[in-house]
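What follows draws every value from the coordinates through simple rules; no lab data is involved. Since the model is a prediction, treat every value here as computed from it, not as a measurement. All Cβ positions, glycine included, derive from the backbone under ideal geometry; neighbour counts span all protein chains shown.
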Amino acid sequence: MIINHPLLGPRDAQEFTYLGDAALIDRPDGLSFPDATAAQDAFHDYLYLRDNPAGEHRELWYHEQGDRSWLVVTRNTVTHEITKVELARDVARARGRSK
Amino acid sequence: MTQDNRIKGGQIDRTKTLRFTFDGHPYTGHPGDTLASALLANGVRLMGRSFKYHRPRGPISAGSEEPNAIVELRTGARQEPNTRATVAELFDGLEANSQNRFPSLKFDLMGINDRLSPFFAAGFYYKTFMWPAAFWEKVYEPIIRRAAGLGSLTRQDDPDEYDKGFLHCDILIIGAGPAGLMAALTAGRAGARVILADEDFRMGGRLNAETLTIGNHSGADWAAETVRTLAQMPNVRLMPRTTVVGAMDHGIYAAVERVSDHLPVPAPGKPRQILWRIYSAHAILAGGATERPIAFENNDRPGIMLAGALRTYANRYAVAVGDRVAVFTNNDDGLRTATDLQAKGIDIAAVIDTRQEGELLSGIRHLKGAQVIDSSGRLGLKSVTIRHANGKTETLSVNALGVSGGWNPNLNIASHHRGRPVWNEAIHAFTPPTDGPKNLIAAGAAAGALSTHAALATGAAQANAALAALGMATHSPDLPRAEDAPVNITPFWYVHEGKGRAWIDQQNDVTVKDVKLAKQENFTSVEHLKRYTTLGMATDQGKTSNITGLAIMAELTGRTIPQTGTTIYRPPYTPVAMGTLAGRSRGHEFKPTRLTPSHKWATEQGAVFVEVGMWLRAQWFPRAGETTWRQSVDREVLQTRASVGICDVTTLGKIDIQGRDAGAFLDKVYANTFSTLPVGKVRYGLMLREDGIVMDDGTTARLGENEWVTTTTTANAVPVFRHMEYVRQCLYPDMDVQLISTTEAWAQFSVAGPNARKLLQKVVDQDISDAAFPYMACANITVCGGLRARLFRISFSGELAYEIAVPTRYGDAMIRELMKAGEEFGAVAYGTESLGVMRVEKGHVAGNELNGQTTALNMGLGKMVSKKKDAIGMVLSQREGLAREDGLRIVGVKPVDPSKPLTAGSHFLDKGAAATAANDGGWLTSVVYSPHLGCSIALGYLKNGHTRIGDRMRAVNLLAKTEVEVEIVSPHFFDPEGERLRG
């Protein structure tokens, strides 16, 4: 596969390592829950409940053999067609993450 | 033997004679020959035995689709089993042998399987070897494997090298027949970067095998001329002997170039084969078509071939497979074999044409509505029996029979992405799927355009389509004049009469009867048919058999072929050697070897090295008179604890972390708090995964207000860095923090022992007295009068200890300087074994304890997990199952009898408890011999371990068959109060 890196252009997928569902970006704040049970339930869902679609999927890829960017790659898991590649940092900011 | 069957013409170089042997007999051939063509020229038709029934077999094809002529090439370490004689290029001195026969090809004892064939029908194995289940592995499988083997392996290392390469192009053209050549010419003249790959050593495809003309040239001459033209274009790369084996994603194709297969030994510096990764914007599949046989009783005798193959041998290789030949066909293309061979002076006994209609050939006995119903000749064809349209039978004495059931487009690569081939009613064959790999288009016979004119026209048209898609100017060449005969075919798949076996898949010995049996047992889906009968599952992937098999199934079930469907193809198109896939990644080059900065020095000291990930680390440093590793390690440990020892710890991961938010960032990635760490201090950190399990540990030093350096374990240097970048970019994108791995930038040495400070003060320019540089201090310093360095007062051994880091290029000088400075103290170098002994004595966890299943609580470090901040893993580490008080806890273990050695991996059992999983109390993680205590000691995880100090238990290892009575003790065997390291 070829991943069109937003900064570096098309790069072979071999240069990357794969993490999984980009929903990992939406990490809950561990101190924002009223009690431990609520916190654990939220983190359980965050960590273990992932979509596994046959079709379009947003995934985290890491350019380990390159510039160390984490990317959000929108890829069709059936055809492997990649329709969008974004810097994970930009996606995280757009989803309200900061410090 | 002489080349009795050699006839005039052909594309062989008669000025040179090549000598070769087959099964030890000497033969000759010429450059341009394949092993199969040379053997046929010498009158050798029998080349192998079939897989299951050990039937005598000869080649049925002249190409890579060959199911039968599978031989071993070469001898010694270069011996290569299961190669196809039909594509093995002849070279002088080639030694070839038949396989799957004993004791000889002509007399094969396993031929008894043929007589027992009623027992070996499809599903035989499934039905017969079902019971008793235990027999399968021990009795049935070894017997079956021995009987059914193909070639044999040498069990020697392959002496040749294999490379991997990368190529980029605008248009990849797969196949250099008329369509591929025309596409290359069109795209090349338009200025596109073109790669033209062909599996053959001579480009031209069927043009080399036919007598057809293009313009005023013979097809072969036109092909040669076109190849010369293309070779002069700098933007065109010609790759003969290169098989495109698979369509990967995003326009990437895998191709195998056989660089040296046609040579006795690769030229110096040249690999045997190259696995190319070709990046293409567009690709044109021009892989031609493969002829398919018609099944009839005993259709597998040597001498019975595809009709087109007979033409190839006659026209290209100047070989008459037989001197009296019949042709069995259901289409017009088969007729060409009769006319071509007759023109070569070969006697045509008859053309047996299944079709009633159509014109008769003149000057040839052309039998309409006739069928071949049987053949004879045990080791080679002697006669065929035919049934005329009027019902009468006749036996024709022939020694070769050409069979043509039509042509199947070679669409394999187009369905590598699961695209389903499409049935084409006009040519009665499958054509490439419409949902094949993106930007792959087919031309010529591969697309179902079976005439020469159609091949040229579609080649040019598809090249222009690709050029247009690339935004390049198209180029419309004048198409040379070529034949454009229509495909006249009346489907005919198998002869219905006869009690014997009619082969479909000759490599896996699948017959029409097997398909009937599959239908009878309701395995009517093509996927079931394939798996039940093994149709098409041999190394040829059923190139000559799949379509025939499913067509017969369609007929038996009263469905059309499209209704029946077809299996699809997977890479590779032809078999690929494991060595080619491995490339250079084998032996010690399987992965890079990383050497520590002190490696040269350690080698000079005679160190024994151990692989730690990719690193080679000194394991211990033997001295004269020491005969066992224990003697060396005991000495290193005792001397370090008595005076001072030095160890290269460069392999630990080092990550520089800088920025205003570095402390806050570390608070996120470590379970304990770092933001409160004063400048000039070091703190131990525990890193958790989000699920609460410990991921890594190490120390982090704060060298300045915004300047931190973290260490990781050797094994986790890369994953921890990746994780930190993930946290930085994906979770906290606005933190002002930057990371860089500096593992390779600093050579780092541990200097440990009561005399460590005295030793270091000799090389460090600053004051490092206890008052100036207390326990857990760190600083940027200089050594040896000005060289920048980093000093950390940290201890893994439990001794007064420091780690000193200098830029890597000074690492060799530093170890020499340290050892020189240590001479007066009797300083020793110590390796990873002593490192391990001292850390177990001190009760420090390492890789064996950080095994990806254990928590901070398990390690006795539960209090390190701060609940006041939201670190990765904090929430889930508090889960009931992980936070239970009676869970596993780290303990120390000593044998009650100090003379008894402990075994790592042993499990804790209470006295009197049976050694069952239910009674399992935990396990010993790390075992060392402690010279300090004079006995074997261990760390382990024990259920409720913190409440069991002083208890006696058993350490049982059922694999090593050991059982030792042990005492549970504190994991801190040595200096539990930590007085020495603060000294």
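Peptide A:28-37 shows a mean partner chain C-beta count of 3 within 10 Å per residue C-beta. Within straight-line reach of residue B:438, meaning a Cα separation under 23 Å, sit the following lysines at least 8 residues removed in sequence or on another chain: A:84.
Amide H to amide H distances under 5 Å link residue B:703 with B:680, B:708, B:709, where only residues 5 or more positions off or on other chains count and H is placed in the peptide plane. Amide hydrogen proximity for residue B:966: with H placed 1.01 Å from N in the peptide plane, the residues at 5 or more positions away or on another chain lying under 5 Å are B:896, B:953, B:954, B:955.
Straight-line cross-link partners of residue B:344 among the aspartates and glutamates, defined as a Cα under 17 Å from its Cα and at least 8 positions apart when in the same chain: B:4, B:210, B:323. Peptides B:441-453, B:686-698 ranked from most to least packed by the mean count of surrounding Cβ atoms within 10 Å: B:441-453, B:686-698. With a cut-off of 15 Å between beta carbons, the residues surrounding residue B:464 carry a summed charge of -1, where Lys and Arg count +1 and Asp and Glu -1. Packing around the peptides B:634-642, A:89-97, taken as the average count of other Cβ atoms within 10 Å per residue, puts them in this order, highest first: B:634-642, A:89-97.
Using a 10 Å cut-off around each Cβ of peptide B:730-739, what is the average number of partner chain Cβ atoms that fall inside? Provide the component values of the computation, followed by the final result.
On the way: counts 18, 9, 6, 14, 6, 2, 1, 1, 0, 1.
Shielding by partners across B:730-739 averages 6.
Evaluating 6.51 cos²θ - 1.76 cosθ + 1.60 at θ = phi - 60° for every residue in region B:764-777, the Karplus couplings come out as 7, 6, 9, 6, 10, 4, 4, 5, 7, 9, x, 3, 6, 7 Hz, glycine and proline recorded as x. For residue B:863, which aspartates and glutamates qualify as cross-link partners when the Cα separation must be under 18 Å and same-chain residues fewer than eight apart are set aside? Correct list for residue B:863: B:667, B:690, B:691, B:696, B:697, B:849, B:880, B:885, B:886. Any idea what % of Cα-Cα pairs in region B:885-983 are farther than 16 Å? Percent of Cα pairs beyond 16 Å in region B:885-983: 52.
By how many nm would the segment from residue B:4 to residue B:497 lengthen if fully extended, with 0.36 nm per residue of separation less the alpha-carbon distance? Please list the in-between numbers first.
Details: separation 493, 0.36 × 493 = 177.48 nm, distance 3.64 nm.
Stretched fully, the residue B:4-residue B:497 segment lengthens by 173.8 nm.
If you keep only loop residues by DSSP, which chymotrypsin sites (Phe, Trp or Tyr not before Pro) in region B:51-112 have at most 16 other Cβ atoms within 10 Å of their Cβ? Could the numbers behind the result be given before it?
Numbers: sites: B:51, B:53, B:91, B:107; in loops: B:51, B:53, B:91, B:107.
Taking region B:51-112 and a limit of 16 other Cβ atoms within 10 Å, the loop chymotrypsin sites (Phe, Trp or Tyr not before Pro) found are B:107.
The mean number of Cβ atoms from other chains found within 10 Å of a Cβ in peptide B:873-881 is 5, as a whole number.
Residues in region B:956-970 carry Karplus couplings, in order, of 10, 10, 6, 6, 7, 6, 10, 8, 10, 7, 10, 10, 7, 10, 5 Hz; the curve used is 6.51 cos²θ - 1.76 cosθ + 1.60 with θ = phi - 60°, and Gly or Pro positions show x.
Among the DSSP beta bridges whose two residues both lie in chain B, what percent are antiparallel, rounded to the nearest 5? Show your work: numbers first, answer last.
Details: 127 of 175 bridges.
Roughly 75 percent of the DSSP beta bridges within chain B come out antiparallel.
Across region B:25-67, C-alpha contacts under 8 Å between residues 6 or more apart give a mean separation that, scaled by the residue count, equals a relative contact order of 26 percent. Its Cα gyration tensor gives the protein assembly as shown an equivalent ellipsoid; the semi-axes, largest first and in whole Å, are 69, 33, 30.
Once the Kirkwood radius over Cα pairs is known for region B:844-906, the Stokes-Einstein relation at 37 °C and 0.692 mPa s delivers a diffusion coefficient of 239 µm²/s. Here the protein assembly as shown carries DSSP beta bridges of which approximately 75% are antiparallel, counting only pairs with both residues inside.
How large is log10 I(q)/I(0) at q = 0.18, 0.20 Å⁻¹ when the Debye formula is applied to the Cα atoms of region B:18-113, each weighted equally and without solvent? Taken in order of the listed q values, log10 I(q)/I(0) reads -0.75, -0.92.
Restricting to Cα pairs below 8 Å that are 6+ residues apart, what does the relative contact order work out to for chain B? Please round to a whole percent. Intermediate values should be presented prior to the final figure.
On the way: 2379 pairs, mean separation 84.8, N = 983.
For chain B, the relative contact order is 9 percent.
Checked against a 19 Å cut-off, the cross-linked pairs B:164/B:591; B:106/B:543; B:52/B:530; B:842/B:900; B:392/B:513; B:668/B:943 give Cα-Cα distances beyond that limit for B:106/B:543; B:842/B:900; B:392/B:513; B:668/B:943. Maximal additional length on extending the residue B:378-residue B:474 stretch stands at 28.8 nm, based on 0.36 nm per residue less the C-alpha distance. Each residue of region B:546-553 was assigned a 3J(HN,Hα) from its phi angle through the Karplus curve 6.51 cos²θ - 1.76 cosθ + 1.60 (θ = phi - 60°); the sequence is 4, 5, 4, x, 6, 5, 5, 4 Hz, with glycine and proline shown as x. Roughly what angle does helix B:332-343 make with the longest principal axis of chain B, taking Cα atoms, 0 to 90 degrees, to the nearest 10? It works out to around 70 degrees. Taking every Cα-Cα distance in chain B and sorting them into 10 Å bins starting at zero, the pair-distance distribution P(r) comes out as 2, 10, 15, 16, 12, 11, 13, 11, 7, 2, 0, 0 percent. For residue B:935, the residues 5 or more places off, or on other chains, whose built amide H falls under 5 Å of its own are B:930.
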